[in-house]
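Let me begin by presenting the structure, written as structure tokens, before commenting on it.
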Amino acid sequence: MQLEAACCLVNLSFWSGPICQRICDAASVYLITLIGGGDPTLQLFCAWSLTNLCAEKQKLGNLLSKQGLLPSVERLLKSSVLRVQLAGLQLVTSFLSFPREENTMLQRVFGRVVDVLECSVSSEMLHPEALHTIFLFVCNSCTNVPLPDWERAVPRVLHLQTSLSPLHVAEQTLLPDGGDGSGLALQTVLWTVRVIGNAVCSEQLNAVVESCIVHQNEPVCACWSSLLHSSIDCLLRESLWMVTNLSVRSGLHRLLPNSCVLESVKTLLERAPFCPEETYVCAHSLSTCSATAAQTLSSALAEGARRGVLPAQALPYVRSLFFIANRRDLVELVFSVDQQNDSMP
């Protein structure tokens, strides 16, 4: 009967507002208790209900937290059953979809998430969800998570990013089940890009990210260069955004301009205006790193500027890039084009 009741609550938890509140009032304590039990099927349905409740309203998640949700989630993540671990990750992801107050239990849950990521070498279906969860921890600015756990997480994320072949992944589908696991591989790469791109902007994590990148300079830069050649638009755009964030960090501004990453951005610029808008922002950030980078990137953009084919939204970044490179002739050219765009009705 418990299993049947849990199935009913899954369906009811898809409703919104008062119904979810009534489920919390009447059954949440039982659901939280049962996800810590030993029946995997019952754990799955109870976790599913709680996942829906956490995603409904911030106050419902806070209420569940006060009722002991996180210790039970920790037990889910420690399970030896793959689908139970996955349910635990999805529940944490749902819980973190709203800002949460930090507490010791949430810090312990992060440690278990990193454990799952480290131990899931042969269980690739866990990678995207574990990375998604880590991404939300970064976005929620969970600064009180013990530094040793971040020092375990960041190298593992970079290892997954460099070990998967972006050029192979780029030819695969975005669906979660690509048949041969390629869809999961692509999702994994996307989440590694998002994690690193956000983590490097965190005061707490910046030093950890920089240290890992410096120690893996060549394979990491080669991987990023491959990502910037991706034929999948979302992967390419996210990678450009990641490189932009990395290039403005003080410890990495000397590394990127001297790597194959610069050549990849240059190649994209030569396709202007048929390159993503993020390319111009990334090029501008890289141009601030060194005079060589500025000259290289301004040369790649010069022809597009002369032909007047650059998109209007890119012109402020392009003009600034030319100014940094001391290309006064091109600065004036872009400025005149920009003025013409402003005067158009």
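Spelling out what I want: for every residue of region 22-38, take phi, set θ = phi - 60°, compute 6.51 cos²θ - 1.76 cosθ + 1.60 (Karplus), and round to whole Hz; glycine and proline get x.
These are the phi-based 3J(HN,Hα) values: 5, 4, 4, 5, 9, 10, 4, 4, 5, 4, 5, 5, 6, 6, x, x, x Hz.
Classify the chain as rounded, prolate or oblate from the Cα gyration tensor: take a ≥ b ≥ c as the square roots of its eigenvalues, call it rounded if a/c is under 1.5, otherwise prolate when a/b beats b/c and oblate if not. Don't jump to the answer; show the numbers that get you there.
Details: a/c = 2.46, a/b = 2.10, b/c = 1.17.
In terms of gyration-tensor shape, prolate.
If you stretched the chain out fully between Arg75 and Met105, how much longer would it get, using 0.36 nm times the residue separation minus the C-alpha to C-alpha distance? List each step's numbers first, then the result.
Working: separation 30, 0.36 × 30 = 10.80 nm, distance 1.19 nm.
That works out to 9.6 nm of additional length.
Cβ under 15 Å from Lys78's Cβ, Lys78 left aside: what net charge do those residues give with Lys, Arg +1 and Asp, Glu -1? Provide the component values of the computation, followed by the final result.
Details: positive: Arg75, Arg83, Arg108, Arg112; negative: Glu74, Asp115, Glu118.
The answer is +1.
Taking a ≥ b ≥ c as the square roots of the Cα gyration tensor eigenvalues, with a/c under 1.5 meaning rounded and otherwise prolate when a/b beats b/c, else oblate, which class fits region 232-315?
Numbers: a/c = 1.94, a/b = 1.32, b/c = 1.47.
Since a/c reaches 1.5 but b/c is at least a/b, the shape of region 232-315 is classed as oblate.
So which lysines pass the test for Lys66, namely a Cα distance under 16 Å, with those fewer than 8 places away in the same chain ruled out?
Those lysines meeting the cut-off are Lys57.
Counting heavy atoms of the protein chains only and a 1.4 Å probe, report the per residue accessible area for the chain as a whole number of Å². Can you show the working numbers first?
Values: 15400 Å² over 345 residues.
Per-residue value: 45 Å².
Which trypsin sites (Lys or Arg not before Pro) in region 182-261 pass both tests, a DSSP loop state and at most 16 other beta-carbon atoms within 10 Å?
Numbers: sites: Arg194, Arg237, Arg249, Arg254; in loops: Arg249, Arg254.
Here the trypsin sites (Lys or Arg not before Pro) that fit, given the DSSP loop and packing criteria, are Arg254.
Count charges around Trp191 for me, please; just the other residues with Cβ under 10 Å from its Cβ, Lys/Arg as +1, Asp/Glu as -1. Intermediate values should be presented prior to the final figure.
Values: positive: Arg194; negative: Glu129, Glu238.
Net of charged neighbours comes to -1.
If you roll a 1.4 Å probe over the chain with all protein chains in place, what percent of the accessible area is carbon or sulfur? All intermediate terms of the calculation are to be shown ahead of the outcome.
Details: 8540 of 15400 Å².
Ligands and nucleic acids excluded, carbon and sulfur reach 55 percent.
Loop-only GluC sites (Glu not before Pro) in region 198-250, please: DSSP not H, G, I, E or B, and at most 13 other Cβ atoms within 10 Å. Mind dumping the intermediate values first?
Values: sites: Glu203, Glu210, Glu238; in loops: Glu203.
Answer by residue number: Glu203.
Give me the net charge of Leu117's neighbourhood, meaning all other residues with Cβ under 9 Å from the Cβ of Leu117; Lys, Arg count +1, Asp, Glu -1. If you can, show how the numbers build up before the last one.
Details: positive: Arg152, Arg156; negative: Asp115, Glu118.
Counting the neighbours of Leu117, the net charge comes to 0.
With a ≥ b ≥ c the root eigenvalues of the C-alpha gyration tensor of region 1-90, is it rounded (a/c under 1.5), prolate (a/b larger than b/c) or oblate? Let's see the in-between values first.
Values: a/c = 1.80, a/b = 1.38, b/c = 1.30.
Because a/c hits 1.5 or more and a/b exceeds b/c, region 1-90 counts as prolate.
The values are calculated or read from the model by the stated rules, or taken from the named source; none is laboratory data. Bear in mind that the values here come from a model prediction, so they are computed numbers and not experimental data. Don't worry about glycine lacking a Cβ; one is built from the backbone with ideal geometry, like all the others, and counts go over all protein chains shown. We work out accessible area using only protein heavy atoms, side chains counted, and drop any ligands, DNA or RNA first. Shrake-Rupley method; radii C 1.70, N 1.55, O 1.52, S 1.80 Å.
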